[in-house]
Each structure stands twice: as C-alpha cells, then as structure tokens.
Amino acid sequence: MSINVAVIGCGGMGRGHLNGYQADPRARIVGVADLSEEAARKAASDYGVPFHTTDINALLDLPGLQAVSVVTPNHTHIDVTPMAAARGIHTLCEKPLALSVEDARKMIDAASRTKAILAVGHVLRFAPPVAEVFRMARSGELGRVVNSYVLRMGTASAFLALSWGREARTLGGLVRTLNCHEIDVLRWISGEITHVGAEMAHLMVEGIDYEDVAWMTFTFEGGALGLIGQNIVHYLGNHYYEVMGTEATVRFRTSGPITVAGRDRKSVERPTSDKVAVHEQIRCFLDSVEAGQIVAPLADGMEGLKGLAVIDAAYRSAETGMKERVVW
Ligand SMILES: NC(=O)c1ccc[n+]([C@@H]2O[C@H](COP(=O)([O-])OP(=O)(O)OC[C@H]3O[C@@H](n4cnc5c(N)ncnc54)[C@H](O)[C@@H]3O)[C@@H](O)[C@H]2O)c1
C-alpha cells in the first residue's frame, strides 16, 4: 500500500526526511512546503515531487495526504504541527517537539482530538549502537543500570550557521536543541529522570544569547545517577556515551561499534549495523501510519513532552542553583 506523504521545511534536515521517504517504497511524496519559494522549488525538483508551495494550508489540503514531516525551525513546531493534526494528518515533528512543556501538551491535545499520530524525531533511538544498548538493557545483559553519562562537545554545530540558530527565542537554547537527544537516550535506556541539577554559562561563543557550556546531573527513578556534559567550546570535539549496569559496562558513540566489559573486566568490541538512523525512523513512522498507532521505538508526543520537562528542570536548576524536580 502506498502512503501519501509531504514534508514541511526543506532545509538541511528536511532533505534528510525526503531521503528517508525516498528510500521506502511505501512512501509517495506528494508535496513539499517551505516559507522560501526557492527552497520548496529546489526540493521538489531534486526529489521529483509533483507539488510545492509556500502555503502550508495548500499543502495540507492536498487530497489524500496522510502523513507529514514537520522539519521547520524549533519555535515554529507549535504553529505548524497542530495545523496538520487538526486535519487528522499523521505527523512526525522534528525535535525538540516544542520550546515548552505547555506547548508540547497543546500539540498532543490537538493530535488526540483527531486521533492523528504525533511522533517526535528522537532519531537516536534508531542509531544502531543506541538500539543495541537498549536491547542489552531490556534483555538483562546490562543488569541494573546504576550510572550513565554523555559528553557532547565540539565547535561545529550546524545550527550556529542558521538564521534562527543564534537566539534562545527561536532555537530554545543549546541544551534544548541538542540534549533533547541525549536525554531521550538516557531516559529510554535507564528509565524516568526525577531530579536534575545543572550549571550553565555563556562563556566563549560570540553572537548567541544562550549557554555554550552546560553540566547536568540526573537522578533516575530507582536511584541511578547520570550526567550530560555539553558544550560548543571544544576545538578537538568529543561525543560518546557510557552506561554502567551491575552486569556490564558499555561505551558507545552514535555510530560504529560498542565496547562492552562484563564482570571479568575484559573489553570486547562488538560491531553494529550501518543502518541510517533517519531512514529507520521514517520507516518506523510509516509502520505507525499503517498500524494507525505509534510503533516502538518511535517516540510519541508524550515522550517528547517528558524529555522537555527534564530540560525545563535543568534550566530552572541553572537559575536557582538548586536540584529541581521534573514535573509535567
Ligand atoms: N534530528 C536531528 O538530528 C536534527 C538535525 C538537524 C535539525 N533538526 C531539527 O530539524 C528542524 C529543521 O532544522 P534544519 O537544520 O533543517 O533547519 P534549516 O534552517 O536548514 O531548515 C528549515 C527550513 O524551514 C523553512 N521554514 C521556516 N519557517 C517555516 C514555516 N513556518 N513553515 C514552513 N517552512 C518554514 C526555512 O525556510 C528552511 O528552509 C529543527 O527543528 C531542528 O532542530 C534535527
């Protein structure tokens, strides 16, 4: 069965979604929209899409449209996504779902009114090493996860070059735009986060009005502890995860092999697949459209909202200097 899909927002990541739809024989890309006529026209021409527009309503009114990707700037998700949901069109909205928990809730409510699927682009669930560590956690191979951390540091963040990427008002801040990924991974593997302590500062990067360095510590339900160290001031770059369970420790990146050590402390490298995470996410979204409900491990709106609640707690903690409870 073919599924009529469209993409709203034809920038860097919009093209990632178009590639994903093009790679799945079930998807028929019937239209693209972008506020920039040139971006919409070029995407339509590059991907052989029969309809392009700068008018989102015109796109959403295409007869037979079943599903859309919303790949517009972070602050616009709250306006664009409910337009699709109101028409009962299933939506895969890029991360972060919104810039606040309140807006995320409005988006979830809009989708539930028409029973449309609302999925969030927490794409790292589909990154082969992350999926393998999740499998190890669920199968018992890791034992009880007691500690986990991520370091994500570098200076080459693509959003710094985007028109909307230098203001907290449009980007949501460094932690909100980037660490929504890592927080989703840690929650997915280790369970809910109940408390957050954070320090954030703007120390080095010029022309932005948000933090360029952040440290966050997490308490998980059941008592496990975690940490994220994030910055955009590290010229060498560094990005890796470690998860420690009672039976095994794993070290991994978002692609490539994972390193595992058990109680004997011998380190073993295990290969993972070279599947493209964005394509796998689109495939799972199409599975969900066919099923009429979210198919695991695709993140639904509530997962997006819970991750945002952790982020809100982190920003509150950075202000108050106190450990903050996660509330949604
Ligand atoms: N999952 C990931 O790994 C990942 C990576 C990059 C970006 N993203 C997310 O994808 C989204 C887009 O990021 P990007 O890097 O592609 O940005 P971009 O600036 O390259 O592209 C955004 C496009 O949306 C268009 N646009 C702006 N407002 C619009 C509106 N209201 N309606 C229709 N089109 C509009 C712009 O003209 C632009 O072409 C963001 O939410 C971002 O956080 C996710």
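The values are calculated or read from the model by the stated rules, or taken from the named source; none is laboratory data. Just so it is clear, the structure is predicted and the values come from calculations on it, not from any experiment. All Cβ positions, even for glycine, are placed from backbone atoms using ideal geometry, and neighbour counts span all protein chains on display.
Of all residues in region 240-272, which are in contact (Cβ under 8 Å) with a residue 40 or more places away in the chain, touching a Pro at 6+ places or on another chain (Cβ under 9 Å) and part of a strand (DSSP E or B)?
241, 250, 252, 258, 270
Among the numbered criteria (1) more than 18 Å from residue 282 (Cα to Cα); (2) touching a residue at least 12 places away in the same chain (Cβ under 8 Å), which one does residue 72 miss?
(1)
Are any of the residues in region 269-278 in contact with a Phe, Trp or Tyr (Cβ under 8 Å, 6 or more places away or on another chain) and over 29 Å from residue 143 (Cα atoms)?
yes
Check whether at least one residue in region 180-192 is touching a Ser or Thr at 6+ places or on another chain (Cβ under 8 Å), of a type outside the set (A, V, I, L, M, F, W, C) and away from the ligand (no atom under 14 Å from the Cβ), and report yes or no.
Yes, some residue in region 180-192 is touching a Ser or Thr at 6+ places or on another chain (Cβ under 8 Å), of a type outside the set (A, V, I, L, M, F, W, C) and away from the ligand (no atom under 14 Å from the Cβ).
Kindly indicate the residue of region 158-171 that is buried (at least 16 other Cβ atoms within 10 Å of the Cβ) and under 20 Å from residue 124 (Cα atoms) and also nearest to the ligand (Cβ to nearest atom) among those meeting that condition.
159
Considering only residues that are part of a loop (DSSP other than H, G, I, E, B) and either over 21 Å from residue 67 (Cα atoms) or at pLDDT below 95 (or both), which ones fall in region 277-328?
Taking region 277-328 and keeping what is part of a loop (DSSP other than H, G, I, E, B), we get 292-298, 321-323, 326-328.
Answer for region 277-328, where residues must be part of a loop (DSSP other than H, G, I, E, B) and either over 21 Å from residue 67 (Cα atoms) or at pLDDT below 95 (or both): 321, 322, 323, 326, 327, 328.
Within region 16-29, track down each residue that is surrounded by fewer than 19 Cβ atoms within 10 Å (Cβ to Cβ) and within 24 Å of residue 76 (Cα to Cα).
Matches in region 16-29: 19 only.
What are the pairs with Cβ atoms under 6 angstrom where one residue, in region 273-290, is more than 13 Å from residue 124 (Cα to Cα) and the other, located anywhere, is modelled with pLDDT of 95 or more and in a helix (DSSP H, G or I)? Sequence gap at least six, or different chains.
273/128
Do you know which of the residues in region 217-236 that are in a strand (DSSP E or B) and small (Gly, Ala, Ser) is nearest to residue 151 (Cα to Cα)?
Filtering first and then ranking leaves 229.
Which residues, taken from region 14-39, are over 24 Å from residue 290 (Cα atoms) and within 8 Å of the ligand (Cβ to nearest atom)?
Answer for region 14-39, where residues must be over 24 Å from residue 290 (Cα atoms) and within 8 Å of the ligand (Cβ to nearest atom): 34, 35, 36, 39.
For every residue, the table says whether it meets (1) crowded, with 24+ Cβ neighbours inside 10 Å; (2) under 13 Å from residue 301 (Cα atoms); (3) within 15 Å of the ligand (Cβ to nearest atom); (4) small (Gly, Ala, Ser).
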site	(1), (2), (3), (4)
45	no, no, yes, yes
48	no, no, no, yes
78	no, yes, yes, no
93	yes, yes, yes, no
101	no, yes, no, no
104	yes, yes, yes, yes
120	yes, yes, yes, no
126	no, no, yes, no
